[in-house]
1. Is segment 295-308 home to any residue that is farther than 21 Å from A238 by Cβ, among the acidic types (D, E) and assigned to a loop (DSSP other than H, G, I, E, B)?
2. Conditions first: (1) more than 23 Å from S79 (Cα to Cα); (2) surrounded by fewer than 16 Cβ atoms within 10 Å (Cβ to Cβ); (3) out of contact with any strand residue (DSSP E or B) (no Cβ under 6 Å at 6 or more places or on another chain). V299 passes all but one, so which condition is the exception?
3. What number of residues in segment 256-289 are among the hydroxyl-bearing types (S, T, Y) and within 15 Å of the ligand (Cβ to nearest atom)?
4. Taking segment 194-207 as the search range and keeping residues that are buried (at least 22 other Cβ atoms within 10 Å of the Cβ) and touching a helix residue (DSSP H, G or I) at 6+ places or on another chain (Cβ under 6 Å), which one is nearest to A133 (Cα to Cα)?
5. It is to be established whether one or more residues within segment 182-189 are of a type in the set (A, V, I, L, M), more than 24 Å from D151 (Cα to Cα) and within 12 Å of the ligand (Cβ to nearest atom).
6. Among the residues of segment 300-334, what is the count of those that are away from the ligand (no atom under 16 Å from the Cβ) and within 17 Å of N217 (Cα to Cα)?
7. Looking at segment 214-231, can you tell me whether even one residue there is without any contact (Cβ under 8 Å) to a residue 60 or more places away in the chain and away from the ligand (no atom under 11 Å from the Cβ)?
8. Condition check: in contact with a Phe, Trp or Tyr (Cβ under 9 Å, 6 or more places away or on another chain), open to solvent by 50 Å² or more (accessible area, probe 1.4 Å) and of a type in the set (A, V, I, L, M, F, W, C). Does L332 satisfy that?
Amino acid sequence: MSRHRTPLSQTSLRPPLAKTVCDRHKSLNLLSSKPVLAHKMEKNKRAVVTGGLGFLGGHLVESLVADEYEVTILDNGMSARDEAFEYLQASSVEIIDHDVRRPFPSSGAFDEVYHFASRASPTDFEEHPVEIALTNSQGTENALAFAHKHDARAIVASSSAVYGDPEVSPQHESYPGHVPLHNERAPYDEGKRFAEALTEAYVRKHDLDARIIRPFNVYGPRMRLDDGRVIPNFVTQALASEPITVYGDGTQSRCFCYIDDVVRGVRKLASLPTEEGRGTVVNLGRQKSIEIRELAETVKRIVETSPEIVYKPLPEGDPSSRSPAVERAAALLDWSASTTLQSGLKETVEWYRDRIEMSSAQQR
Ligand code: UDP
């Protein structure tokens, strides 16, 4: 899809969600884009994606654009990185500088609202707990109210965090979770739980066509270098031949799911007819688990460096395992995660390698 750059004044041609566009995006020439009213084809669907400059949201936007959606991103840019939206330069999305904790300014018609905004990095849990709690509570209310007002379908990104430190494995969608209320992760974990409860309330009270995904440990290209989650940490450490930091004794385990698989699952869920999809909650994850100490060895093998492994204290509330039950996704969506950890990690390592080389070339 070709991209037309439109001066700021012309954006009024398109029904704007907000008047402001952040300077940063303007300076990167990412301000939308095609003169929608001039040649809008009725068949093109319109979607709002909150958090569209983030990791998951950004990949989702890319997929929607590839299917000729007209996409409006609502994002305050606070946890985005330049690399997260460089790829948007080739597309025709509209980017609005908007914090979802405020009601969405609205006009025009929308078919789908994807609520994917929220800081999700462990490094943010300490620094931005209030913002995280409110993005997932007030922000979700604003997203749902917006979808309701526009008679649009809502797809809400929850998280495997709703299961907390689970006492059963794997975690079926019906498992209520085992979630400590008073630790550093609580604003995120409880925020996601509240987001789900509120979504269900909208389904019951307003008959809203809303659906919920629970992704499990998603990874892939375009995660922030300083994201703080385990795969970005291990990959950047191994590429720099710096010690790999394993927290605790490394016997805790996770199931890692490649970003393309998750986006495919999101899109499948979003495309279910209302009678099948409304009110659905579905895990999106890969069932094969790996211990974190084994993950460290795997990353070393793929990167082909041999840094030492150093052991650091386990963060507060760190779950000992998480593992998705995937039957519902298989039955409802005919979906499973097809990317092996080996091949997903290879793609991820290559992206980080290029990104780091590019940054050091720019600094020279
Ligand atoms: N972890 C680690 N070293 C790191 C970063 C994370 O050992 O440098 C561990 C972390 O303690 C957790 C696991 O890796 O047990 C997954 O952490 P992540 O933050 O990626 O995901 P989550 O804990 O939310 O599942």
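1. So in segment 295-308, the residues farther than 21 Å from A238 by Cβ come out as none.
The answer is no; no qualifying residue exists.
2. That leaves (2) as the condition not met.
3. Here the count works out to 2.
4. To start, the set of residues in segment 194-207 that are buried (at least 22 other Cβ atoms within 10 Å of the Cβ) comprises 195, 199, 202.
Now narrow it down to the ones that are touching a helix residue (DSSP H, G or I) at 6+ places or on another chain (Cβ under 6 Å): 195, 202.
On the way: A195: 10, Y202: 19 Å.
Taking the candidates together, the pick is A195.
5. Within segment 182-189, none of the residues are of a type in the set (A, V, I, L, M), more than 24 Å from D151 (Cα to Cα) and within 12 Å of the ligand (Cβ to nearest atom).
6. So the count comes out to 3.
7. No, the conditions are met nowhere in segment 214-231.
8. Values: in contact with a Phe, Trp or Tyr (Cβ under 9 Å, 6 or more places away or on another chain): no; open to solvent by 50 Å² or more (accessible area, probe 1.4 Å): yes; of a type in the set (A, V, I, L, M, F, W, C): yes.
Here the answer is no, as L332 does not meet what is asked.
The values are calculated or read from the model by the stated rules, or taken from the named source; none is laboratory data. Since we're looking at a predicted model, the values are computed, not measured. Note that each Cβ is placed from the backbone with ideal geometry, even for glycine, and that neighbours are counted across all protein chains shown. We work out accessible area using only protein heavy atoms, side chains counted, and drop any ligands, DNA or RNA first. Shrake-Rupley method; radii C 1.70, N 1.55, O 1.52, S 1.80 Å.
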